Amino acid sequence: MPFDHSHAPVLDALARFRSSKQLSFSPPGHKQARGADPRVRDVLGDAVFYGDVLASGSLDDRRTGGRILERAERLMADAVHASHTFFSTCGSSLSVKAAMLSVARPHEKLLIGRDAHKSVVAGLILSGIHPVWVDPRWDADRHVAHPPSAEDFEAAFAAHPDAKGALVTSPTPYGTCADLRALADTCHRRRRPLLVDEAWGAHLPFHPELPTWAMDAGADVCVTSIHKMGSGLEQGSVFHLQGDLIDPALLKTRADLLGTTSPSVLIYAGLDGWRRQMAQHGHELLEGALRLATQVRGAIEEIDGFHVHDRADFCGPGLADDLDPLPVVVDVTGLRTTGYRVADWLREHRHVDVHLADHRRINTQLTHADDRETATVLLEALKAVSAAGPDLPSGPTVDVPPPATLRLQQTCLPRDAFFGPVEDVPVQKAVGRVAAEMITPYPPGIPAVLPGELLNEPVQHYLRSGIEAGMNLPDAVDTRLRTVRVMAQGKD
């Protein structure tokens with residue numbers, strides 16, 4: 001029987017709950033906004049509290065007899081061509097950890113692209129999985145990393161035939177993509193699963209001109225953040241499963257181990273409603289977004305000091321295999337300043353926020369929510385910052401080291417370094433020591449230093465120069481990097 005995507009089980013159940021005028025003597029304690037501070041209600045609105053109910057015992061009955069969440073997940077799986085879908089209210093940071101734990105056990109090997117998000121490293125720390133790092137394809141001229149190739153993973157499997165599977169990030173926060181079909185073939189020839197951190201790819205299943213969706217490419221598990229490129233609320237994530245290499249019951253238990261027992265029905269509702277929106281109107285909405293992106297890209301390219309990265313820059317031999325055009329990545333070096341300075345100027349003077357900024361770029365992400373009006377605001381803001389270019393402070397130069405020195409040596413498991421005896425040392429004395437913390441420029445959240453890696457001077461200089469230029473390192477113990485947490489002497 002075909003699925004009826006006009007239904008939204010979570011939203012429908014919320015509507016029934018409201019119309020029934022149910023009186024709850026259970027959490028949440030605000031009791032349908034009645035107990036919330038009026039000042040909070042003024043800002044958030046009562047609708048937030050009306051949708052904030054227990055998942056079982058309010059939205060559904062005590063024993064979840066209505067199968068509300070299960071039905072919503074089945075509809076999502078059908079919409080994106082997956083066999084199973086699981087909702088997460090803890091973001092893709094939880095989803096990717098659950099996927100990792102379903103493939104490898106403590107001390108077993110997992111091939112992982114070194115451009116992985118910090119949530120993957122957190123999964124390694126919690127699980128004790130042994131990472132075999134696969135280097136991304138590094139563009140030394142543009143100082144940007146693209147996903148590893150299938151050949152890179154093939155070589156890693158040859159060197160580590162006992163690896164239990166592979167994990168790749170695609171698309172990256174810069175929109176560049178791996179050849180997932182080739183990666184899936186590389187894994188499946190060995191009966192090993194492919195995990196894809198596709199947090200930036202929620203929209204990919206719904207338009208043929210976008211890069212290939214992981215499920216269509218044959219991946220076994222795909223993790224997607226609906227709040228990034230979709231219409232979900234922050235923390236709304238789903239992970240999808242297909243094939244016979246991973247037991248769906250096992251994956252569910254791994255997610256249950258990490259997830260909350262008090263999930264947000266508001267986030268569930270956002271996921272459910274987004275699926276309905278995309279199933280019914282996704283092609284049309286994304287068609288408009290793609291046309292708008294083409295226009296915006298062309299218009300930005302005409303502004304003095306800017307260059308919009310396109311397929312010619314990011315795709316080709318030794319680079320990425322595909323490109324999502326909706327993350328509009330703009331090189332600002334023509335203004336003789338940094339992406340950090342441009343992002344700060346746009347926020348302060350034009351009230352425009354960009355997705356990410358680095359030492360030479362900004363990412364002005366577009367989605368199906370944008371239109372000619374928002375595009376005009378963006379373009380006018382970029383013209384203004386271009387005109388202000390001569391007056392923008394150039395700021396300190398970020399010294400990005402070559403790949404050979406940017407890539408640190410892993411000397412022990414991330415878990416062992418993170419949980420072992422540690423000490424904080426002045427940054428000048430940290431060279432040659434083993435890091436016991438993650439140090440991550442954020443966004444996009446790809447660690448430059450991992451627990452267990454041997455610190456060198458070029459990477460430390462890169463991070464210190466980055467801080468002076470405006471880089472944010474939120475997960476370092478000392479966010480100004482005056483000290484670094486390392487393994488205690490005698491333990492490294």
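Numbers for the structure displayed
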item	result
Options [x] 1.10; [y] 0.97; [z] 0.94 - which one matches Rg/Rh (Cα atoms, Kirkwood Rh) as calculated here	[y]
Shape of region 284-391, Cα gyration tensor, a/c cut at 1.5	oblate
Linear extension gain, A15 paired with Q428, 0.36 nm per residue minus alpha-carbon span	142.7 nm
Length-normalised contact order for region 403-487 - Cα pairs under 8 Å, 6+ apart - percent	39
Net dipole in debye of region 292-361 [+1 Lys, Arg Cβ; -1 Asp, Glu Cβ; about Cα centre; nearest 20]	260
FRET E, pair D304, R480, Förster distance 35 Å, beta-carbon r, rounded to 0.05	0.50
12 Å beta-carbon shell around V48, net charge (K/R +1, D/E -1)	-2
Dipole-positive endmost among P211, S264, T172 within the chain (Cβ charges, Cα centre)	S264
Peptide ranges 181-188, 116-123 listed from the most packed, as the mean C-beta count within 10 angstrom indicates	116-123, 181-188
Region 403-487, Cα convex hull volume normalised per residue, Å³	83
Local net charge near I129, Cβ-Cβ under 9 Å (Lys/Arg +1, Asp/Glu -1)	+3
Cα gyration tensor shape for region 321-462, rounded if a/c is under 1.5, else prolate or oblate	prolate
Spacing of the two label points (7 Å from each Cα toward its C-beta) at H30 and F419, in nm	3.7
Likely footprinting exposure, V196, V134, V431, fewest C-beta neighbours within 10 Å first	V431, V134, V196
Within region 358-492: Cβ-based charge dipole about Cα centre, in debye rounded to nearest 20 (Lys, Arg +1; Asp, Glu -1)	320
Cα centroid separation, region 106-148 to region 427-492 (Å)	17
Stretch gain in nm, segment V48-A388, where the contour uses 0.36 nm per residue and the Cα spacing is subtracted	118.3 nm
Extreme residue, positive dipole direction of region 1-98, given options V10, F25, S92 (C-beta unit charges)	F25
CD proxy at 222 nm, helix term only [per DSSP H run n ≥ 4: -39500 (n - 2.57); per residue of the chain; nearest 500]	-11500 deg cm²/dmol
Residue exposure sequence - S83, S19 - by fewest surrounding Cβ within 10 Å	S19, S83
Gain upon complete extension [D244, T294; 0.36 nm per residue less C-alpha separation]	14.0 nm
Cβ charges +1 (Lys, Arg) and -1 (Asp, Glu), total dipole of the chain, debye	1440
Burial ranking of peptide ranges 197-207, 147-157, 394-404, 375-385 (average Cβ count within 10 Å, highest at the top)	197-207, 147-157, 375-385, 394-404
Packing-based order for 84-92, 418-426, using average beta carbon neighbours within 10 Å, highest first	84-92, 418-426
Value of relative contact order over region 284-391, rounded to a whole percent, pairs C-alpha under 8 Å and six or more apart	30
Neighbour-count order for D322, D272, fewest beta carbons within 10 angstrom listed first	D322, D272
Taking region 44-185 and dividing mean pair separation by its residue count, relative contact order in percent (alpha carbons under 8 Å, at least six apart)	18
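Read-outs: derived from the displayed coordinates by stated rules, not from any lab. Given the structure is predicted, the values throughout are model-derived calculations rather than measurements. Neighbour counts run over all protein chains shown; Cβ positions are idealised from the backbone, glycine included.
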